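FYI, it's all coordinate maths here, none of it is from the lab. No experiment lies behind these values; they were computed from the predicted model shown. No Cβ is skipped: glycine too gets one built from the backbone with ideal geometry, and neighbour counts run over all protein chains shown.
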Number of protein chains: 2
Amino acid sequence: MNSKAIGIFDSGVGGLTVLKEVKRQLPRENIVYLGDNARVPYGSKSKEKIKAISVENSEFLSKFEVKLIVVACNTASAVALDHLKSKFHIPIIGVIEAGAKAALKATRNKKIGVIGTKQTINSQTHMNLIKAIDPEIEVFTKATPLFAQIVEEDMTDFESTKMLIEESLSYFKENKVDTLILGCTHYPLLKKQIKEFLGDVTLIDPSKETSLEIRRVLARKNNKNLSHNEYDKIFVTDTPLSFLEISRRFMNSDTLVVEQISLEEQRKESDVNSEKNKEISKIRKLIEQEV
Amino acid sequence: MNSKAIGIFDSGVGGLTVLKEVKRQLPRENIVYLGDNARVPYGSKSKEKIKAISVENSEFLSKFEVKLIVVACNTASAVALDHLKSKFHIPIIGVIEAGAKAALKATRNKKIGVIGTKQTINSQTHMNLIKAIDPEIEVFTKATPLFAQIVEEDMTDFESTKMLIEESLSYFKENKVDTLILGCTHYPLLKKQIKEFLGDVTLIDPSKETSLEIRRVLARKNNKNLSHNEYDKIFVTDTPLSFLEISRRFMNSDTLVVEQISLEEQRKESDVNSEKNKEISKIRKLIEQEV
């Protein structure tokens, strides 16, 4: 058994859907969550940027000696997961594989759709994972860039949102997909509206499957917390005001305690330390020569 | 006369509308433009973050010894202009004052509307500026958070965009404003669609008035470039790919040359230098004592 915390990061509030599910399935575990709201959204950033950001976030979580890191953001999972796995020596779990597996289980007609940010869709990570398991599956993908902001701005019930959903998702209707992966942690909050348009299509929310995967990994490594939950820590990188406001819609909870931290300070410290050490040894040598 | 460049920064491509107007009105001037696309959008960040970012951007432009800085972003102008003026000893020109003045000239019924990002609208900067000049003017303001992303995603002609414009701007119709300030540099690309809904309302694009203001300031200080344009430099903080793609819609030009830079490197250098100097003098003392 292992009472160290599970680390979770996301670009903002979206990953709270994963946090919520982990708490439901693994109520004894301690959790450290990082919502990087200073740099939201990730979906429009370059791959290089997303990788660098993901490493920084994981370094922050590592300070708490977490036993496992969950990349609760589809964009970062799609682009940076392998990079993180090569850098950190604890299990790193993303949300893409979970979504792909759940969709494979759910489809009956072998036509699966995927929606997500531009970076997630362009990466073709869902497509490749699904095809690797079952090459016969047809995969239809489409970026839906405004959806996340609509959730953040609480505009899910606008008539224009209804129309945008029709414009964006008719492609899946035309291609008769029977299963749609909600490839962004914000999208479950649009489930009702998407369902209304798509009708009898199974919507896959990867957070459930992700939590199952976490449970499996912890069990396999004998790493579950057998004691009780002692703490959950939630950190953000910009002011928590709008994070808290939006999080209510994700968590149905008014009691989140959130602390603001600066990853720039972390970066500064590490830059300064490495440069300082170099400089100190250089100066020592110089002065010793002088003397 | 002064051949040093004019510095312009924005969170991304939006400020290119200002660049374009400056080039039209002041064709001899050299320009250094910074599009901070690694940190776009500013509109949802906290005031503190926006101030810190604006200082960093201005420090970058200062490396080119610019003679004047244009904050070509309404959010940064609304939140950080005074802060920048206190830190940099060259003229700093924002886009808010220009928009407010142009609207004051245009209105006949003394009812002015303003749209912009949440931070721009919450700051009440337009409102305060307008009321300070003419307290009798009625000012109606509304945040329109999705508009900028719609422009970036090239979704201006979607039916859902038309409907969103109706939902968002009916407030101004009800209140009979005759003049609407487009308080975000992206919005001029939605002019046609906004006009279609609002009809006989004057739409104010602050980039024109901003360029007039730049011309006035340069003339007053005898700082115009009387020689010819020698260079325009455009820098971005993330990969230029989507910047270039979107910029075509802003500039109607296929020939932009864009260079990617890292403000983190700049920050690292300055952090490391200041810490290094402290450390060096400390070690010198220590070693001298030892010797």
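Quick notes on this structure:
- Sorted from shortest to longest, the distances between the A:Ser62 label points of this copy and the other copies are 3.4 nm, with each point 7 Å from Cα along the line through the beta carbon.
- 0 to 90° range, to nearest 10: angle between helix A:159-174 axis and chain A longest Cα axis: 80
- Remark: segment B:204-218, residue by residue, has Karplus-estimated 3J(HN,Hα) of 9, 9, x, 5, 5, 5, 4, 5, 4, 5, 4, 4, 4, 5, 5 Hz, where x stands for each Gly or Pro and the curve is 6.51 cos²θ - 1.76 cosθ + 1.60 at θ = phi - 60°.
- Label point 7 Å beyond Cα along the C-beta direction, distances from A:Lys176 to other copies (nm, shortest first): 5.8
- Spin-label model distance (nm) - B:Glu230 vs A:Glu174, 7 Å beyond Cα toward Cβ: 5.4
- Note on segment B:60-91 and segment A:126-151: Cα centroid distance 43 Å, given to the nearest whole angstrom.
- Between B:Arg28 and B:Lys192, the contour length at 0.36 nm per residue exceeds the alpha carbon distance by 55.9 nm.
- Segment A:14-124: C-alpha gyration tensor shape, a/c 1.5 cut-off, then a/b vs b/c: oblate
- Long-range tail of P(r) for the protein assembly as shown (Cα pairs > 44 Å, %): 25
- Note, ³J(HN,Hα) from phi for segment B:220-230, Karplus 6.51, -1.76, 1.60, rounded to Hz, x at Gly and Pro: 4, 8, 6, 10, 5, 8, 8, 7, 9, 4, 9
- For chain A, the longest principal axis of the C-alpha atoms and the axis of helix A:16-25 are separated by about 90°.
- Cα gyration tensor shape for segment A:181-291, rounded if a/c is under 1.5, else prolate or oblate: prolate
- Chain A, dipole about Cα centre (Lys/Arg Cβ +1, Asp/Glu Cβ -1), debye to the nearest 20: 1100
- Projected label distance in nm at A:Arg284 and B:Lys118, using a 7 Å step from Cα toward the beta-carbon: 5.1
- The length gained by stretching the chain between B:Asn277 and B:Glu166 to full extension, at 0.36 nm per residue less their Cα-Cα distance, is 34.1 nm.
- Each residue of segment A:74-90 was assigned a 3J(HN,Hα) from its phi angle through the Karplus expression (A = 6.51, B = -1.76, C = 1.60, θ = phi - 60°), giving 5, 4, 5, 4, 5, 9, 10, 4, 5, 4, 5, 4, 6, 9, 10, 9, 10 Hz with x at Gly and Pro.
- By the Kirkwood approach, averaging reciprocal distances over each pair of separate Cα atoms, chain B gets a hydrodynamic radius of 20.1 Å.
- Only the Cβ atoms of Lys and Arg (+1) and of Asp and Glu (-1) were treated as charged; on that basis the dipole of segment A:97-206 about its Cα centre amounts to roughly 440 debye.
- Simple Cβ-charge dipole of the protein assembly as shown, Lys/Arg +1 and Asp/Glu -1, about Cα centre, in debye nearest 20: 420
- Across segment A:83-115, the residues whose backbone nitrogen lies under 20 Å from the label position 7 Å along the beta-carbon direction of A:Asn222 are A:90-91.
- Label-to-label distance, nm, for residues given as B:Leu212 and B:Met1 (7 Å Cα→Cβ offset): 2.6
- Overall form of segment B:97-206 per C-alpha gyration tensor (a/c, 1.5; a/b vs b/c): prolate
- Principal-axis analysis of the Cα atoms of chain B puts helix B:47-62 at an angle of about 60° to the longest axis.
- Separation of the alpha carbons by more than 29 angstrom is noted, of A:Lys47/A:Lys221; A:Lys118/B:Lys192; A:Lys45/B:Lys221; A:Lys278/B:Lys47, for A:Lys47/A:Lys221; A:Lys45/B:Lys221; A:Lys278/B:Lys47.
- Per residue, the average separation of C-alpha pairs within less than 8 Å and at least 6 apart gives segment A:97-206 a relative contact order of 38 percent.
- Sorted shortest first, the distances from the A:Lys87 label point to those of the same residue in the other copies are 2.7 nm; each point sits 7 Å from Cα along Cα-to-Cβ.
- Unit charges at the beta carbon, dipole of segment B:23-169: most positive-side option, B:Asn74, B:His89, B:Gly35: B:His89
- Taking amide H positions as modeled 1.01 Å from N, with prolines and chain starts lacking one, the residues under 5 Å from B:Leu180 and 5 or more places away or on another chain are B:Gly113, B:Thr202, B:Leu203, B:Ile204.
- Amide H to amide H, with H built 1.01 Å from N, B:Leu34 comes under 5 Å of B:Ile8, B:Phe9, B:Asp10, B:Phe235, counting only residues 5 or more places away or on other chains.
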